[in-house]
Amino acid sequence: MSLKFHSVLVQSVKPLTEDSAEFTLALPEDLHDVFGYEAGQYLTIKQEIEGQEIRRSYSLCSAPYEKTWKIGIKRVNAGIFSNYALDHLRAGDRLEVMPPMGNFRITPDKSRKSHTVLFAAGSGITPVLSIAKTLLMEEPLSTVTLFYGNKGFSSIMFLEDLEALKNQYITRFRLVHVLSRESQGIPLQKGRIDAEKLDRLFKAFLAQEPINDVYVCGPEAMILSVKNFFEARGLERNQIHFELFHSGLADSKNLEEKIIEGVTCEVHLVLDEDAITFEMTREDENLLAAAQRAGADVPFACKGGVCCTCKAKILEGTAEMRVNYALEPEEINQGYVLTCQAIPTSSKITVSFDE
Ligand SMILES: Cc1cc2nc3c(=O)[nH]c(=O)nc-3n(C[C@H](O)[C@H](O)[C@H](O)COP(=O)(O)OP(=O)(O)OC[C@H]3O[C@@H](n4cnc5c(N)ncnc54)[C@H](O)[C@@H]3O)c2cc1C
Ligand code: FES
C-alpha cells in the first residue's frame with residue numbers, strides 16, 4: 001500500500017444540495033492500480049489553505065466497477081476544508097491525494113446470496129452508496145436495504161442516484177428515507193435513527209428476513225444505537241461494520257497511570273524501508289507526534305482515531321490507544337495501533353509503518 005500523496009486533477013464538480021457537492025477526480029492511467037479501491041474506502045487529501053497544511057479524509061462514493069474516483073463533500077459549519085472545497089475548488093484545480101485505504105469496505109462475491117442492511121445519515125451516505133452500488137451490481141442474488149437519515153428532502157445527498165438505483169434494482173434494493181424535520185406522511189419515517197426508531201423500523205422492514213451484515217456511517221450516537229440494537233438481536237461483532245467521520249472523543253481512555261512515570265521511551269521507527277531511532281518523553285502526546293518531532297514524514301489525517309491513515313504495527317514493546325474508532329479487533333490482536341492515539345507502555349518500542 002502506498003502512503004504517498006499524488007497530485008490529482010479535479011475533473012468536474014457537481015452540486016448535490018445547497019451545502020454539498022460531488023467532485024470527480026481525473027486519475028492518469030499510470031495511477032489506476034495505485035488508486036485501486038474496495039467499495040467503502042476513503043481518500044486522504046492534503047491542501048494548503050491560508051498557509052496551513054490541512055489533511056482530511058473523504059470516502060469514495062463511486063463504486064470500483066465504475067472505474068471512476070468520486071467523492072462527496074458536505075459543508076461543516078466553520079470547517080476549513082469543506083468550506084474551501086465547496087466555495088473554491090473547481091474543475092482544473094489540483095489536489096494532493098493519498099491512495100485509498102480503510103476497513104469499512106466490502107469484497108463482493110458473485111455467488112453469494114445475502115441481505116445487507118445499510119444505515120447512513122447526512123454525508124455518511126458516501127461510502128454506503130459505494131457499497132450499495134457494488135453489492136447490487138456485483139452480487140446478482142443479494143438484496144440491500146438502506147435507511148438514510150436527513151433533515152429534509154432538500155438536504156439529501158445523491159437523491160437522484162439513489163432513486164435511479166431503486167428503479168434499476170426494484171426487487172433487490174429497498175430505500176427508506178427517515179427525515180427529522182419533514183413529514184413524508186408516514187410517522188415511522190419521521191425523526192432520528194435512534195434506539196426507539198430502530199426498533200420500529202426493524203419490526204416494519206426487517207423482522208421477517210435474515211440479515212448477513214450491517215454497515216453504518218453517521219454520527220457517533222447513531223452508530224452506537226445501531227451496533228447495540230443488532231448485537232442484542234444476535235448479530236456477531238464482525239457482522240456489524242461502522243465508519244465514523246468525526247468524534248467528540250467522549251470516551252477517551254485515561255492512560256496516565258499506564259505511562260511509566262519519569263521514564264522516556266526509546267522508539268525505533270520503520271517507514272519506507274528506512275529506520276530512525278528517537279527518544280519519546282512524557283511531553284509527547286502520542287507516537288505520531290513524537291515521530292513528527294523527530295522529523296519523520298509519517299502518514300496521518302484526522303489525528304482523532306477515526307480514520308486509519310496513521311496505522312502502524314508494533315513489532316517490539318507495547319502501547320495503548322486513547323481511542324480507536326477505526327481498527328478491527330483482529331488488527332489490534334496482530335499488533336496494529338493508530339499512532340495518533342498510541343502511548344508506549346514499555347520503555348522500548350519498535351513500530352513499523354511498512355507492515
Ligand atoms: C474515514 C473518513 C471519511 C470521511 N468521508 C467524508 C465524506 O465522504 N464526506 C464528507 O463530507 N466528510 C467526510 N469525512 C469528514 C471529513 O474528513 C472532514 O472531517 C469534514 O469535511 C470537516 O472538515 P473541515 O476541515 O471542513 O472541518 P474542521 O475545520 O476540521 O472542523 C470544524 C469544526 O467542525 C467540527 N467537525 C468536523 N467534522 C465534523 C463532522 N463531520 N460533523 C460535525 N462536526 C464536525 C470540528 O470538531 C470543528 O469544531 C470523513 C472523515 C473520515 C475520518
Ligand atoms: S490520523 Fe486518523 S486515526 Fe490517526
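The values are calculated or read from the model by the stated rules, or taken from the named source; none is laboratory data. In this text the structure is predicted, and so the values were computed from the model without any measurement. As a convention, Cβ positions derive from the backbone with ideal geometry for all residues, glycine included, and neighbour counts pool all protein chains shown.
Only one of these is under 22 Å from Ile240 (Cβ atoms) and within 16 Å of the chain's Cα centre (by Cα): Cys302, Cys310. Name it.
Exactly one of Cys302, Cys310 is under 22 Å from Ile240 (Cβ atoms) and within 16 Å of the chain's Cα centre (by Cα), namely Cys302.
Could you tell me which of the residues Pro299, Pro344 is within 16 Å of ligand 1 (Cβ to nearest atom), assigned by TED's automatic domain parsing to the domain that holds Thr264 and buried (at least 16 other Cβ atoms within 10 Å of the Cβ)?
The conditions single out Pro299.
Scan region 16-30 for residues that are under 22 Å from the mean Cα position of the chain (by Cα) and more than 13 Å from Leu60 (Cβ to Cβ) and jot them down.
Leu16, Thr17, Asp19, Ser20, Ala21, Ala26
Restricting attention to region 274-291, report how many residues are away from ligand 1 (no atom under 16 Å from the Cβ) and either at pLDDT below 90 or buried (at least 16 other Cβ atoms within 10 Å of the Cβ) (or both).
So the count comes out to 12.
State whether one or more residues within region 242-250 are at pLDDT 95 or above and more than 21 Å from the chain's Cα centre (by Cα).
No, region 242-250 has no match at all.
Residue by residue through region 192-231, note down the ones that are surrounded by fewer than 15 Cβ atoms within 10 Å (Cβ to Cβ), in contact with a strand residue (DSSP E or B) (Cβ under 8 Å, 6 or more places away or on another chain) and hydrophobic (A, V, I, L, M, F, W, C).
None - no residue of region 192-231 is surrounded by fewer than 15 Cβ atoms within 10 Å (Cβ to Cβ), in contact with a strand residue (DSSP E or B) (Cβ under 8 Å, 6 or more places away or on another chain) and hydrophobic (A, V, I, L, M, F, W, C), so the list stays empty.
So which of Leu43, Leu31 is more than 13 Å from ligand 1 (Cβ to nearest atom) and closer than 29 Å to Thr107 by Cβ? So that I can check it myself, show each step before the final result.
Working: Leu43 fails: more than 13 Å from ligand 1 (Cβ to nearest atom).
Only one candidate passes the filter, namely Leu31.
Contact list please: Cβ distance under 6 Å, first residue in region 43-69 and touching a residue at least 24 places away in the same chain (Cβ under 8 Å), second residue more than 14 Å from ligand 2 (Cβ to nearest atom) and acidic (Asp, Glu), pairs at least six apart or on different chains.
Partner pairs satisfying both residue conditions: Lys46/Glu96.
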